[in-house]
1. Could you pull out every one of the strands (runs of 3 or more DSSP E) wholly within the stretch 452-555 that has 2 or more residues that are of a type in the set (D, E, K, R) and within 16 Å of the ligand (Cβ to nearest atom)?
2. For Gly449, are the conditions met, namely being in a loop (DSSP other than H, G, I, E, B), buried (at least 19 other Cβ atoms within 10 Å of the Cβ) and either of a type in the set (Lys, Arg) or more than 15 Å from the ligand (Cβ to nearest atom) (or both)?
3. Would you be able to tell me the number of residues in the stretch 420-442 that are more than 11 Å from the ligand (Cβ to nearest atom), β-branched (Val, Ile, Thr) and not in a loop (DSSP other than H, G, I, E, B)?
4. Pick from Gly200, Gly237: which is surrounded by fewer than 18 Cβ atoms within 10 Å (Cβ to Cβ) and touching a Gly at 6+ places or on another chain (Cβ under 9 Å)?
5. Suppose we filter Ala187, Ala158, Ala164 for residues that are outside any loop (DSSP other than H, G, I, E, B) and of a type outside the set (Val, Ile, Thr); which single one remains?
6. If I filter the stretch 319-327 for residues that are closer than 28 Å to Thr116 by Cβ, aliphatic (A, V, I, L, M) and within 16 Å of the ligand (Cβ to nearest atom), do I get at least one hit?
7. For Lys616, are the conditions met, namely being basic (Lys, Arg), surrounded by 17 or more Cβ atoms within 10 Å (Cβ to Cβ) and more than 30 Å from Ile367 (Cβ to Cβ)?
8. Please list, ordered by first then second residue, the pairs with beta carbon atoms under 8 Å, 6 or more apart or interchain, first in the stretch 215-239 and assigned to a loop (DSSP other than H, G, I, E, B), second of a type in the set (Lys, Arg).
Amino acid sequence: MTSSPDDRPAISNLAREERRFPPSPEFVAQANVTEEIYGRAEADPVAFWEEQAQRLIWAQPWTEALDWSDAPFARWFVGGTLNVAYNCLDRHVEAGLGDRVAFYFEGEPGDTQVITYRELTEAVCQAANALTEIGVKSGDRVAIYMPVIPETIIAMLACARLGAPHTVVFGGFSSEALRTRIIDCDAHVVITADGGYRKGSASALKPAVDEALTECPEVHTVLVVRRTGQEVEWTEGRDRWWHEIVPAQPTTHTPEAFDSEHPLYVMYTSGTTGKPKGILHTTGGYLTGCAFTQWAVFDLKPETDVYWTAADIGWVTGHSYIVYGPLANATTSVIYEGTPDTPHQGRWWEIVDKYKVSILYCAPTAIRMFMKWGEAIPAKFNLSSLRVLGSVGEPINPEAYIWYRKHIGHDRTPIVDTWWQTETGAHMISLLPGITSGKPGAAMRALPGISVDVVDDLGNSVPNGGGGYLVVTKPWPAMLRTIWGDPERYKETYWSRFPGAYFAGDGAKRDEEGDLWLLGRVDDVMNISGHRLSTTEIESALVSNPKVAEAAVVGASDPLTGQAVVAFVILRSEAGDGGEHCVRELREHVAREIGKIAQPRQIMIVSELPKTRSGKIMRRLLQDVAEHRPTGDVTTLADTSVMETIQAGLAKGMTED
Ligand code: WT7
């Protein structure tokens, strides 16, 4: 642990804000859930989740709701069987909803598609048939590296239909990141596209796949969607065009029912070591968690709402709240391929206006960017269709919360600030919009069926007004089941810090009224624009460059992205004393190794790093430097003069990017 949550500057900032926003009487009157749900869930959480699992259609009912005998390895709805794709598609068509729109797709260049539940079901059947022809069978892993286009969702659902766990790798990740994920989960098939549209032009994806596969001999097929029409290299015998094999397939496919604990997908996320963790989600519990939370937290009315999660499908937010939750609930959703400022800074609001979006879910980083661009831009569009706004990825600062409510929600819409993680699969802490008054900056309370606590170093629950570590004290259906291929790391990472409880890695505070405030990570994990990056992973990337002798990375607070990557680097003597071109080279090196999102905002070349006597880098001191604060307590440093040396070197100005 490098710092305790009480060190976080966020606390004083958050404590200032005392405003409360109760839901309007009209909203309360029509809300999906009422206060009684909390008591009911608390009285018997497992029975509560059994009730929620009835949202799905099971081929075989379960015989036991929860098997926790081999804790922390959970099994939910034991003995039950179901097919996820059937639950997201066919059953809605069978219920007469075939003509309901599943997705309004808006491509960045302005091309659009309207896809009904019937059309989506048929497309997924065709893709499942094509994957079967390629040789994909239940249990096989399939890697997906795509832009935000309908085929990405079709590919995921086709995998789910076949019981073949997918691993979707965010298109912004590098070939190196893609390769390590393909190897770790041993995928033999990759689905990709020639490219996607970003910032007004075609951005290639296929070259990264080609590069990754130079060291993945097990991959026998690459299925390529033509999206941009750009030139691609072609490996005969391995590469196949999606449009040549998928549309020719029959539009029907009989779904097989899989065990409730059958693996659904692996999603890689950064931990505190250099190696990303493959978070495993399974079938019945995960879908139950997504379906319930999307319905309750967003007060979803599937008949009338138009719902938009403005995120990439390659993150867990996209999995749970673009694909699985919304489709399980027969939601009509919008998906948008591109960036918010293409071709103009009002693009999102134009989309809300055009499709009459009623529920919008996005990250505080996006909101702060819109704040910077100014309220005159959203004011040009009709946003009166909006009725619920959501936030995810990092704590939303009160300023952004109030701006979002005022300039996007016109002071009518409740805001749901949803705390959860790749590991939790679904929302864990959020207000329910027809019940609780929102406090700007607070995530408020655990959802029904979820038990959380804030504990001190010894694992004792802190009283109201206290701060500590956030833990989850009871298993929940959408929880991760393990780390792919590494059950020991699963136990060690999440269940060893506080015996019997799931340690989330976040600091939290419970205010005088018992409401929860999230205070950021307490481990060596950074949160950049709502995306998790590990300091160690970026440090490993830096030291893999021959110019670098040693590197330390910290997340420094940033007005736009929440945190930004700041790197302190000691160069090898052969590399000279740095200089601008060296800093540029190192930034590009990190982008190549991990992806652009991991690029340091700033690289400081230093001659020494602050270390404890046991050799551990004291990142907290470096964070002080990065945030232009006087450095804190240096007494545990092996050499107390190091910080002075660093400060002096920086003051000479030889090093900043
Ligand atoms: C970490 C999880 C959950 C999907 C997106 C990120 C932070 C997430 C909130 C929130 C405060 C939040 C936490 C968490 N986080 N949402 N509403 N308030 N912090 O998923 O990459 O798994 O990251 O994001 O620090 O541990 P992820």
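1. On the way: elements: 452-455, 467-472, 502-510, 516-521, 525-528, 531-534.
Result: 502-510.
2. yes
3. 0
4. Gly200
5. Ala158
6. Taking the stretch 319-327 as the starting set, the residues that turn out to be closer than 28 Å to Thr116 by Cβ are 319-327.
Now drop any that are not aliphatic (A, V, I, L, M), which leaves 322-323, 327.
In the following step, the residues that additionally are within 16 Å of the ligand (Cβ to nearest atom) were identified as 322-323.
The answer is yes, given that some residue of the stretch 319-327 is closer than 28 Å to Thr116 by Cβ, aliphatic (A, V, I, L, M) and within 16 Å of the ligand (Cβ to nearest atom).
7. The answer is no for Lys616.
8. Short answer, once both residue conditions are applied: Cys216/Arg179; Val219/Arg238; His220/Arg238; Val232/Lys206; Glu233/Lys206.
The values are calculated or read from the model by the stated rules, or taken from the named source; none is laboratory data. Predicted, not measured: the structure shown is a model, and the values here were computed from it. Here Cβ is always computed from backbone atoms with ideal geometry, including for glycine, and neighbour counts include all displayed protein chains.
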